[in-house]
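Before any comments, here is the structure.
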Amino acid sequence: MFRFFENLVDPYVDYVQDDSPPTRLWPNMLGYAQPFRRVFAFAALVAVIVAVIEIWLIHYMGRLVDLLPEGPVAFWQNYGFELLMVALFIMLIRPGVHLVAVLLLNNMLMTNFGTMIRWRAHRHVLRQSVGWFENDFAGRIANRVMQTPMAANEVMFQVFDAIAFALAYLVGAAVLLAAADTLLLIPLALWSLAYFALMVWTVKRVGPASQASSDARSALTGRIVDSYSNIHSVKMFAHHDRELAYAKDAIEETRTTVRKEMRIYTVMDFGLFTLNGLLIVGVVGWAMLLWGQGVTSVGAVAAATALCLRLNAMTGWIMWALTTFFRELGVVAEGMETIAQPIDLVDDKDATDLQLTDGLIELDGLSHHYGRGAGGLDRINLTIRPGEKIGLIGRSGAGKSTLVKLLLRFYAAETGKIVIDGQDIAHVTQESLRRQIGMVQQDSSLLHRSVRDNILYGRPDATDEQIIEAARKASAHDFILGLQDPKGRTGYEAHVGERGVKLSGGQRQRIMLARVMLKNAPILLLDEATSALDSEAEAEIQQVLYGLMEGKTVIAIAHRLSTIAQMDRILVMDQGRLVEEGTHDELLAQDGLYAQFWARQSGGFLLTDSDDENGETKTEAAE
């Protein structure tokens, strides 16, 4: 039974991915609700049936009150069978209907609707560009992906558990009172109008207040996650108190927004309590007045009393349900601001897979300034021949990393184009492009998974023997065998911690190298690939890299000029332009910027533009 209701809707059902989903709340929610539309309609119907049964029970209790004066003998002779049927209905049919309602809400809706939204939201967010992620907190994005589906679940739950039931119950109450005497509708109508006015007042204020609270919580989450993910810096600079103060501002802002929200609920509670008193006095008092005039029966008075007491108990729940509904709608709306943003870098409709034959790379008039009009790259024209090994150097901000990001199509070039083997990368699929490129970054962060999974990321279908061989080539196999995580997993099964924090910088970089070696892509990008290694290990890995470069087109960003001196060609960048190119010897002979770097470098790092007053050079790592 549970499995039947749990499987009524598949949360992972195929759907057409929309690069620009609706930005408005309800069109977005309706899009998510499409796979559920039939079961939602049935859930609404069951909620109405439950409400009708409840109203009928109150009506029947009034009928019993009117029949009891006939005396026990006549009562059981005339109505015994009827009472038996009613009893069976109350014991068997009523619980069955309620069970269906609960199964639809708890086991169909609550387990599947939020799951579907979370799955689709995560799928959509993963398709966003690197630049999109660089403009936000990872913790804040993750919080939206987790929080929005839960809020959407609550919205739909309240629609069927409270709103549909309440509307049906109110209509049924009006019918019941009208059957006794139409005049009883007057106090109910007046109460309904006042109740509706209170509801409008509450909802109008709860929506913005709850969204402000949600915004404040998201900002607080971002600050806390920022501190936790940079805990090494916090500890190293002894900024414990500074981080507490940074978080306290956001915590206090959260408290302020919640305080405003709670004031609204207090006013709502008081108003509701007052209105319910007026309802009881108005309807029951009027019913008794009508009874005293002989217009209505004792049973009608009893039914009206039971109905008012039931409404008195329900109204608080309904009001809370409605405020919860609108509060969670605010959370959903806030979440959609992030998880429903259009994809800012998409493949062309007619994009094809990159067919790499030789590895010829051509940059034609390539410019990219990140929308600022300055910085980045400026009119780069370059041809990298198949199998050529290129060294790329320049000061921080010269444009080296921008060039690499554009080559990987992490950003779409503002002007110009990049062509690989005659194919403009703007017209090939991003995944096929990146499958042909291996990259070792200076930031050697790893996935919080096993060593095996991290290396296997380079080629998911690789065998264990191929994984171990790649690790051996990267001089990582021996230290991997000695790893053990807190859960007792060892060797290649040991988990490396968030971003690989359980490993040293050199160990992380060796695993990164093993991953790229396993991928064995025809185009290789090296962004200071040996920067985290000691001198002995660097020399060892450098030889491995030279072997890895064989037959590949290579672009290597370097800060230590000695690591690229043997490249086929060295490119010198400055302020987004290519200012020099040639072999190591040719560039030295030109006595230009490269020669200055070579002559004046200290500790293997490039100089900045400025020297100190005493003529001693200042150094810094390039980007």
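The values are calculated or read from the model by the stated rules, or taken from the named source; none is laboratory data. As the structure is a prediction and not an experimental result, all values here were calculated from the model. Virtual Cβ from ideal backbone geometry, glycine too; neighbours counted across all protein chains shown. When the accessible area is computed, the model is the full protein with side chains, heavy atoms only, and any ligands, DNA or RNA have been set aside. Shrake-Rupley method; radii C 1.70, N 1.55, O 1.52, S 1.80 Å.
Would you compute the Debye intensity of region 64-139 from its alpha-carbon atoms alone, equal scatterers and no solvent, and pass along log10 I(q)/I(0) at q = 0.15 Å⁻¹ to two decimals?
One equal scatterer on each Cα of region 64-139 leads to -0.76.
Tell me, what ³J(HN,Hα) does each residue in region 152-161 have, in order and in whole Hz, if you take phi through Karplus 6.51 cos²θ - 1.76 cosθ + 1.60 with θ = phi - 60° and put x for Gly and Pro?
5, 4, 5, 4, 5, 4, 5, 4, 8, 7
Could you give me the ³J(HN,Hα) list for region 550-565, computed from phi with Karplus coefficients 6.51, -1.76, 1.60 and θ = phi - 60°, whole Hz, x at Gly and Pro?
4, x, 10, 8, 10, 10, 10, 7, 9, 9, 7, 5, 5, 6, 10, 4
Got a sec to turn the phi values of region 356-369 into Karplus ³J(HN,Hα) couplings, 6.51 cos²θ - 1.76 cosθ + 1.60 with θ = phi - 60°, whole Hz, x for Gly and Pro?
8, 10, 10, x, 7, 10, 10, 10, 10, x, 6, 9, 7, 10
Considering every Cα-Cα pair within region 474-589, what fraction, in whole percent, is farther apart than 22 Å? Display every interim value, and only then the final one.
Working: 2917 of 6670 pairs.
Tail of the P(r) past 22 Å holds 44 percent of the pairs.
Stretch V86-T266 to full length: gain in nm at 0.36 nm per residue minus the Cα-Cα span?
Once the chain is fully extended between V86 and T266, it gains 60.6 nm.
Between F273 and K204, what's the calculated FRET efficiency when r is the beta-carbon distance and R0 is 25 Å? Round to 0.05.
So the FRET efficiency works out to roughly 0.80.
Students sometimes get this wrong: rank D181, D14 by accessible area, probe 1.4 Å, all chains present, largest first.
D14, D181
For G438, enumerate residues with amide H under 5 Å from its amide H, sequence gap 5+ or separate chain, H modeled in the peptide plane.
Amide H neighbours of G438, under 5 Å, 5+ apart: A521, I523, L524, L525.
Amide H to amide H, which residues 5 or more places from D574 or on other chains are under 5 Å from it, using H placed in the peptide plane?
Amide H neighbours of D574, under 5 Å, 5+ apart: V579.
Accessible area of F325, 1.4 Å probe, to the nearest 10 Å²?
Rounded to the nearest 10, that gives 20 Å².
With Cβ to Cβ distances under 15 Å as the rule, what net charge do the other residues near S450 carry (K, R +1; D, E -1)? If you can, show how the numbers build up before the last one.
Numbers: positive: R449, R452, K487, R489, R499, K502, R508, R515; negative: D453, D464, D485, E493, E498.
In short, +3.
What do the square roots of 5 times the Cα gyration tensor eigenvalues come to for region 1-158, in whole Å, largest first, as semi-axes of the equivalent ellipsoid?
50, 14, 12
Using only alpha-carbon positions, what ratio does the radius of gyration of region 160-251 give when scaled by 2.2 N^0.38 Å?
Normalised by 2.2 N^0.38 Å, the Cα Rg of region 160-251 equals 2.08.
Roughly what percent of Cα-Cα pairs across region 209-271 reach past 15 Å?
57
Could you name the lysines whose alpha carbon sits less than 20 Å from that of K260, not counting residues in the same chain fewer than 8 places away?
K204, K248
For region 313-400, what does the relative contact order come out to in percent, with C-alpha contacts under 8 Å and a separation of six or more?
Rounded, it is 19 percent for region 313-400.
Beyond 49 Å, what share of the Cα-Cα pairs of the chain remains, rounded to the nearest whole percent? Intermediate results must be reported in sequence, preceding the final value.
On the way: 70372 of 193753 pairs.
That fraction is 36 percent.
If all Cα-Cα distances of region 125-188 are sorted into 10 Å bins from 0 onward, what percent lands in each bin, rounded to whole numbers?
Per 10 Å bin, starting at zero, the Cα-Cα P(r) for region 125-188 comes out as 17, 24, 17, 15, 12, 11, 5 percent.
With a 1.4 Å probe and all protein chains kept in place, how much accessible area does V516 have, in Å² rounded to the nearest 10?
10
If you wrap a convex hull around the C-alpha atoms of region 385-449 and split its volume per residue, what is the figure in Å³? Present the calculation step by step, with values, prior to reporting the outcome.
On the way: hull volume 9.2 nm³, N = 65.
Convex hull volume per residue, Cα atoms: 141 Å³.
If the reach is capped at under 19 angstrom between alpha carbons, list the lysines near K502, excluding any in the same chain fewer than eight residues apart.
Excluding near neighbours in sequence, the set is K235, K487.
Using only DSSP helix segments of four residues or longer, with each worth -39500 (n - 2.57), what per-residue ellipticity at 222 nm results for the chain after dividing by its residue count and rounding to 500?
Rounded to the nearest 500, it is -19000 deg cm²/dmol.
For L392, what residues show an amide H to amide H distance below 5 Å, using hydrogens built from the backbone and excluding near sequence neighbours?
Correct list: A556, I557, A558, L571.
P(r) for region 346-485: what percent of alpha-carbon pairs falls in each 10 Å bin, starting at zero?
That works out to 10, 32, 30, 21, 7, 0, in percent per bin.
Run down the aspartates and glutamates and flag those whose C-alpha is under 13 Å from the C-alpha of K389, throwing out any fewer than 8 positions away in its chain.
Cross-link targets: E550, D568, E581.
Report the local net charge at D421: Lys and Arg +1, Asp and Glu -1, summed over other residues whose C-beta lies under 13 Å from its C-beta.
Result for the neighbourhood of D421: -3.
In square angstrom, rounded to the nearest 10, how much accessible surface does M236 have for a 1.4 Å probe?
Approximately 140 Å² for this residue.
What residue among V50, A33, Y12 has its Cα farthest toward the positive end of the dipole of region 1-138, where the charges are +1 on Lys, Arg and -1 on Asp, Glu, each on the Cβ?
Sorting the options by dipole projection puts first Y12.
Provide the net charge surrounding M549, with neighbours chosen by a C-beta distance below 15 Å and charges set as Lys +1, Arg +1, Asp -1, Glu -1.
For residues surrounding M549, the net value is +2.
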